[in-house]
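Peer 1: Before I ask anything, let me first share the structure, which is written out below as C-alpha cells.
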Amino acid sequence: MAHFGNLLTVPYTFKVDYTIGKMNSIDIDTTPISLEKLTVEGADGFNPKFIENVISPLLQSSTQSIGDLVKDGNKVMQQLRFLGNFRDVKLLFDLDTESKPKFDEFNNALTNITGTIHLHPLPKSNIRIKNVHNDAYNYINASYSNNNVFGSGENLTINSMYNFRTLSQNLNIYFSKPTINTSLRLFGDFNSIKTNDTIYQSANQNSSSLQFGLIKQKYCKHSGALATLTGGFNIVNRNIHDVDDSANDEVKIYAGESLKNSIFLNILSTNMKFLTSSGFKLPMNGFSVGVNNEVSGIASLIDASSHSEDQFYKLNVNLDYVKSFLGNGLTFSSNFKFGSILNFNALNGGTIHFQDKFYPIVSGNETPIMPLKSVGAGSFLSYNFGVYTKAGLIDINNPIRLYYSINGCTTSNEISKIGELKNLNDWKHGLDVGLVYNKGENSARLSWKQSLDSDKPGKFGFEVDIAGDL
C-alpha cells in the first residue's frame, strides 16, 4: 500500500502574508501595480527551472492590483506546500522604492511592488532506526528517505523490517515525482514480505507486490480538509509453503504460487488537528474519512474465457471523529470501520485468497476476529469509542494521556449479494484502559485489555517504540 512519502499530510490554511506597513494608503483591490522583483529564499537544492515553473503564476501574471497578485500568490503557495518539502512557506509583498516609475498603456502611474517567498525546508534526507517491542512483536526497522532526489521534489523511501520473534521480513521501496503540478504525482511502490504466521495454517508465506499510479491532492477551503485521491494498478505474486495437513480448504487451494492483478481507487479526506508537542500523533479535533476500493480479476471480468481464481470487489471504509474540551484536557474519539468483499464468481465456486481478507482486532482477544472455520473475514463492521484525559499533574501540553476505550467487531464471510450483509450480527466486545505517550516516532503505552465475551481475566501489556536518526 502506498504510504505517500513526503506528501502534504497535515491541512494548511493557504493564505498569503504581505506587509502592510508601507502600503496603508494603497487600495489593494484597485491600485494598479507592477511586480518588479520576486525573490525565493530557501530553495537551495532545487532545480531552478522547477522552482521557476512552480512560481510561474506570479512571473507571468497580468494582474492589475495587489488583490489580484495575492490570488496568484495563493496558487503558488499551494504548489509549494503540496511538495511537502517545507516546514513553513510565506510570501511577502512590499513597496519597491528603488525601481524607476512605470506607467500602463493608458499612461497611469503604476505602484512598484517587490515579492519575497520565504521557504523553511525540512531536512532533505535522513536514515532512521526504529525498534518496536510489545507482547507480540519485537522488530527493528531501518529506513532511508530523500524528499528531493533529483532536484524537482522527487521522493524516495526505502524501508526494511525484521521481526525477531516471528522471523518475518519486509522490504519496501517507494518513489514519487510531481507531474504537471505538485498536487499531482506519479508513484511506484514495491513491497516484498516474508512471514511465518501460523494463523495462515502454513509454515511460511512470501509475497511480492508492485503498485503504480497517480496521487492527487486538493485542499477544501470550506471544510478545511485535505483530500488525497490515489488510483492505479496492483500486481501481487504470492507463494504459500508447507500448508498444514489440517488446514482449511480455502488455504490449501492457494498452496504454492498465485498471482493477483487489480485496480484500486482510494480516497482520504481529513482536517484532523493534533497536539503540537506530539508531532502529529495525538489527535485533538477534526474528522477523517477514508474509502478504499479494489477490483481484482479484471481480465476475467472483461473476457469470460480468461480464467482467474480471484474475481472480486473489495471495499474498506474508515471514519474517525475527535473532539476536545477543557483546553484539550478532555478528548472524545470515535472510530467506525466497515469492510466487505463481493465475490463476483461465488456461484461458480470462485474463491478469495485469505491474504486479501480482513483481520480485525478486539481488545482482550489474542487473535483476530473471524467467522467460525474461516481464515480471515470476508466482511466486518467495527467500532471504537475512547476518552483521553490529562494525566494527573502533568502539563496538559505534554503528549501524555490516560485513556479509556470500548471497542467491538462483528464478522462474516465474503458475500455474493448485498443482502448477505445481514449475517454481520455476532458481536465481540472489549475494553482497553491505560496510559499512552506519543511524540513523533517515539511512543510508549501501558495498557490493560479485557474481553467482554470471556470469563478470562484481563491482561496487562506494555509497548515501546524508540526511533533515532543517524
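Peer 1: Reachable lysines from LYS459, Cα under 21 Å, same-chain residues fewer than 8 places away excluded?
Peer 2: LYS428, LYS449
Peer 1: Could you size up the charge dipole of the chain around its Cα centre, putting +1 on the beta carbon of Lys and Arg and -1 on that of Asp and Glu, and report it in debye to the nearest 20?
Peer 2: Here the size comes out at about 680 debye.
Peer 1: With unit charges on the beta carbons (Lys and Arg positive, Asp and Glu negative) and the dipole taken about the Cα centre of the chain, which residue among GLY73, PHE93, SER412 sits farthest to the positive side?
Peer 2: PHE93
Peer 1: Can you give the relative contact order of the range 33-121 as a percent, counting alpha carbon pairs under 8 Å and 6+ residues apart?
Peer 2: Answer for the range 33-121 is 44 percent.
Peer 1: Once you have a ≥ b ≥ c as the square roots of the Cα gyration tensor eigenvalues for the range 33-121, tell me rounded if a/c is under 1.5, and otherwise prolate or oblate according to whether a/b is larger than b/c.
Peer 2: In terms of gyration-tensor shape, prolate.
Peer 1: Same structure again: Take the range 197-469, drop everything but the C-alpha atoms, weight them equally and run the Debye formula without solvent; then report log10 I(q)/I(0) at 0.07, 0.10, 0.16 Å⁻¹ to two decimals.
Peer 2: Results for the range 197-469 at q = 0.07, 0.10, 0.16 Å⁻¹ read -0.32, -0.65, -1.39.
Peer 1: Right, next: Quick one: compute the contact order of the chain, relative version, from alpha carbon pairs under 8 angstrom and 6+ residues apart, as a percent.
Peer 2: It comes to 10 percent, rounded to a whole number.
Peer 1: Given an 8 Å cut-off on Cα distances and at least 6 residues of separation, report the relative contact order of the range 237-355 as a percent.
Peer 2: After rounding, I find 21 percent.
Peer 1: Within the chain, what percent of beta bridges assigned by DSSP are antiparallel, to the nearest 5?
Peer 2: Close to 95 percent.
Peer 1: Let me ask another. With +1 on the Cβ of every Lys and Arg and -1 on the Cβ of every Asp and Glu, and nothing else charged, how large is the dipole of the range 297-391 about its Cα centre, in debye rounded to the nearest 20?
Peer 2: Dipole of the range 297-391, to the nearest 20 debye: 460 debye.
Peer 1: Here is a follow-up. Answer rounded, prolate or oblate for the chain, using the Cα gyration tensor with square roots of eigenvalues a ≥ b ≥ c: rounded when a/c is under 1.5, else prolate when a/b is larger than b/c, else oblate.
Peer 2: prolate
Peer 1: Mind pulling the angle between the C-alpha long axis of helix 66-82 and the longest principal axis of the chain? Nearest 10 degrees, somewhere in 0 to 90.
Peer 2: Computed tilt is about 30 degrees.
Peer 1: Considering the dipole of the chain built from charges on the beta carbon (Lys and Arg +1, Asp and Glu -1) around the Cα centre, which of PRO457, PHE187, GLY256 is farthest to its positive end?
Peer 2: The residue sitting most towards the positive pole is PRO457.
Peer 1: Next up: Based on alpha-carbon positions alone, could you give the equivalent ellipsoid semi-axes of the range 190-334 from the gyration tensor, as √(5λ), descending, whole Å?
Peer 2: The three semi-axes for the range 190-334 are 38, 22, 13 Å.
Peer 1: A 27 angstrom limit on the alpha carbon distance is what I want to check against. Which of LYS221/LYS417; LYS71/LYS439; LYS90/LYS273 exceed it?
Peer 2: LYS221/LYS417; LYS71/LYS439, as the Cα separations exceed 27 Å there.
Peer 1: Cross-link candidates for LYS102: which aspartates and glutamates have Cα within less than 13 Å, leaving aside residues fewer than 8 places away along the same chain?
Peer 2: In chain and number order, the partners are GLU36.
Peer 1: Starting at the first residue of the range 386-403, write each ³J(HN,Hα) from the Karplus equation 6.51 cos²θ - 1.76 cosθ + 1.60 with θ = phi - 60°, in whole Hz, x for Gly and Pro.
Peer 2: With the stated coefficients, the range 386-403 comes to x, 10, 10, 10, 4, 8, x, 8, 5, 3, 5, 7, 6, x, 10, 9, 7, 9 Hz.
Peer 1: To continue, here is another question. Can you find, among ASN239, THR31, SER168, the residue sitting farthest towards the positive end of the charge dipole of the chain, where Lys and Arg contribute +1 and Asp and Glu -1 at Cβ?
Peer 2: Towards the positive end, the residue furthest out is THR31.
Peer 1: Dipole magnitude of the range 197-469 about its Cα centre, charges +1 at Lys/Arg Cβ and -1 at Asp/Glu Cβ only, in debye to the nearest 20?
Peer 2: Charge dipole of the range 197-469: 1280 debye, to the nearest 20.
Peer 1: Moving on to the next point. Are any of the pairs LYS373/LYS456; LYS281/LYS373; LYS75/LYS260 more than 31 Å apart by Cα-Cα distance, and if so, which?
Peer 2: From the list (LYS373/LYS456; LYS281/LYS373; LYS75/LYS260), the Cα-Cα distance tops 31 Å for LYS281/LYS373; LYS75/LYS260.
Peer 1: While we're on this one: Could you give each residue of the range 136-151 its phi-based ³J(HN,Hα) in whole Hz, using Karplus coefficients 6.51, -1.76, 1.60 with θ = phi - 60°, and x for Gly or Pro?
Peer 2: Once rounded to whole Hz, the list reads 9, 9, 8, 10, 10, 10, 10, 9, 10, 9, 9, 9, 7, 4, 10, x.
Peer 1: Another one. Round to a whole angstrom and tell me the spacing of the C-alpha centers of the range 41-60 and the range 121-196.
Peer 2: Cα centroid to Cα centroid, the span is 28 Å.
Computed from the coordinates by the stated procedures, all read-outs in this text should not be read as laboratory data. Please read all numbers here as calculations on a predicted model, not as lab measurements. Neighbour counts run over all protein chains shown; Cβ positions are idealised from the backbone, glycine included.
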